[in-house]
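All remarks here apply to the structure that follows.
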Amino acid sequence: MNVYKEIFNGSLHDVSRFGDNNPSMPEEQKNKIMHARLTFDDNVLMFSDGMPGRPITNGDSISLSVGLNDEAQARSIFDQLAAGGTTLMPMEKQFWGALFGMVVDRYGIQWMINCEL
């Protein structure tokens, strides 16, 4: 979450952990994030670690999309997400009139960055 806080130049709010209200939670799960909120500009991203007892599978099951209207901000976010990750589609002007790119970050999360020009 702190990596994304830096990338999006945002603020973290409402961070709660699985063990906060459940002392019987297994020790290895207590510190995992049950809910957290990251705000930046007029945007909100919400986070949660996987539910206790469920296996984690990184892959292409989801893509997160962020819509922006500042080209410098969009390129900065894209480049930071790409650092240590993989660029699937470079940031380029698209037929719908926006700047768009796709990246898999260092944690295996796919992002689509769209910037209205």
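Across the options Asn69, Tyr4, Ser16, the greatest Cα extent toward the positive end of the charge dipole of the chain (unit charges at beta carbon of Lys, Arg, Asp, Glu) belongs to Ser16.
In deg cm²/dmol and to the nearest 500, what is the mean residue ellipticity at 222 nm of the chain if only DSSP H runs of at least 4 residues count, each as -39500 (n - 2.57), divided by the residue total?
Working: 3 runs with 23 residues, N = 117.
Result for the chain: -5000 deg cm²/dmol, rounded to the nearest 500.
About the centre of its Cα atoms, the chain shows a dipole size close to 300 debye [charges on the beta carbon of Lys, Arg (+1) and Asp, Glu (-1) only; nearest 20 debye].
Between Val103, Thr86, Thr57, the Cα set farthest toward the positive side of the dipole of the chain (charges on each charged residue's Cβ, about the Cα centre) is that of Thr57. Its Cα gyration tensor gives the chain an equivalent ellipsoid. The semi-axes, each the square root of 5 times an eigenvalue, are 31, 16, 11 Å from largest down. Computed over the alpha carbons of segment 39-84, Rg followed by Dmax gives 14.0, 41 Å.
Of the trypsin sites (Lys or Arg not before Pro) found in segment 1-39, not one falls in a DSSP loop while having at most 12 other beta-carbon atoms within 10 Å.
As I understand it, the value is the acute angle between the Cα axis of helix 71-82 and the longest principal axis of the Cα atoms of the chain; what does it come to in degrees, rounded to 10? Approximately 50 degrees, to the nearest 10.
Using a probe of 1.4 angstrom and keeping all protein chains present, the accessible surface of segment 52-100 works out to 67 square angstrom per residue. Taking the accessible area of the chain, probe 1.4 Å, and keeping the other protein chains in place, the carbon and sulfur fraction comes to 49%. If R0 is taken as 22 Å, the Cβ-Cβ distance between Val3 and Asp41 corresponds to a FRET efficiency of 0.75.
The values are calculated or read from the model by the stated rules, or taken from the named source; none is laboratory data. Given the structure is predicted, the values throughout are model-derived calculations rather than measurements. Cβ coordinates were reconstructed from backbone atoms using ideal geometry, including for glycine residues, and neighbour counts include every protein chain displayed. Quick note on the areas: whole protein, heavy atoms, side chains included, nothing else; ligands and nucleic acids left out. Shrake-Rupley method; radii C 1.70, N 1.55, O 1.52, S 1.80 Å.
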